[in-house]
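Below: one structure, written as structure tokens.
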Amino acid sequence: MPIGHWVLETACKQARLWTAGFPDLKVAVNLSVRQFRDAGLLMKVVEALNASGLPAVNLELEITESGLMSDLDRAIDLLQDLKRLGITIAIDDFGTGYSSLSYLKRLPIDLLKIDRSFIAGLSENADDRAICQAIVSMASSLGLETVAEGVETEGQLECLLDIGCHEVQGFLFAQPLPIGLFSEYLARQPA
């Protein structure tokens, strides 16, 4: 729990520095199941935003399906409170957990992050393509955006663009970078 709170605070502080030059930049922070179940999570998020000066619209919180399902009513209330602050909410690794479609219409979320296990064989495997297409189509019908995780090849990117995936992330674009190198990467981008 203390490490999770430190990560949230540190990410917010660093993102605040980056948003000076890139006001639309959004930092995504994964919440562990234990963090999400913490009764004080909302206050910790508010404290991290206030201490850093990061506008809530620049923060995305990612929660796995299993983190949401243990107490769905509480999860809905908490997510609504976070969304009222202006925070973006994403379900991470979508398709690998409970994947109950009935909860999607109840949860106040913005994004479905398609798990990399469906992306790896996307250009060669018709089943993976069908699953990704179904997720993108369903999400779009529900007013949600999709992000494909683990994109490593041009073939995967092409398939994802063909099926209408909104965003992609993965090694095709950049390896994970330490803060200093990412700051340099950002400095080379047009504002």
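With charges set only on the Cβ (+1 for Lys and Arg, -1 for Asp and Glu), what does the dipole of segment 1-105 come to about its Cα centre, in debye to the nearest 20? Write down the numbers at each step before the final one.
On the way: 10 positive and 13 negative charges, 43 e Å.
Once rounded to the nearest 20, the dipole reads 200 debye.
Taking the Kirkwood radius as the inverse of the mean 1/r across Cα pairs, report the Rg/Rh of the chain.
0.97
How large are Rg and Dmax for segment 67-124 when only the alpha carbon atoms are used, in Å?
13.0, 42
Take the alpha-carbon centre of segment 92-170, take the same for segment 9-24, and report the distance between them in whole Å.
27
Given bins 10 angstrom wide, list per bin the percent of all Cα-Cα distances in segment 99-191, short to long.
In order of increasing distance, the bins hold 15, 41, 29, 14, 1 percent.
Putting +1 on Lys and Arg Cβ atoms and -1 on Asp and Glu Cβ atoms, find which of Ala51, Ile63, Ile87 reaches farthest to the positive end of the dipole of segment 40-89.
Sorting the options by dipole projection puts first Ala51.
What Kirkwood hydrodynamic radius do you get for segment 1-105 when you take the inverse of the mean 1/r over all pairs of distinct Cα atoms, in Å?
Working: mean 1/r = 0.0711 Å⁻¹.
One over the average 1/r among Cα pairs gives 14.1 Å for segment 1-105.
Go ahead and collect, in residue order, the members of segment 107-147 whose backbone nitrogen is under 16 Å from a label point 7 Å along the Cα-Cβ direction of Ile76.
Correct set: 107-110.
With charges only on Cβ, +1 for K and R and -1 for D and E, what is the dipole size of segment 110-191 about its Cα centre, in debye, rounded to 20?
Around 200 debye, computed over segment 110-191.
Take the alpha carbon atoms of segment 100-152, find their radius of gyration, then divide it by 2.2 N^0.38 Å using N residues; give the quotient.
Compactness ratio reported: 1.15.
Taking all pairs of different Cα atoms in segment 55-94, averaging 1/r and flipping that mean, what Kirkwood radius in angstroms comes out?
Radius from the Kirkwood sum: 10.4 Å.
Just so you know, all these numbers are worked out from the coordinates, no wet-lab data involved. The structure displayed is predicted, hence computed values, not measured ones. Note that we place each Cβ from the backbone using ideal geometry, even for glycine, and neighbour counts take in every protein chain shown.
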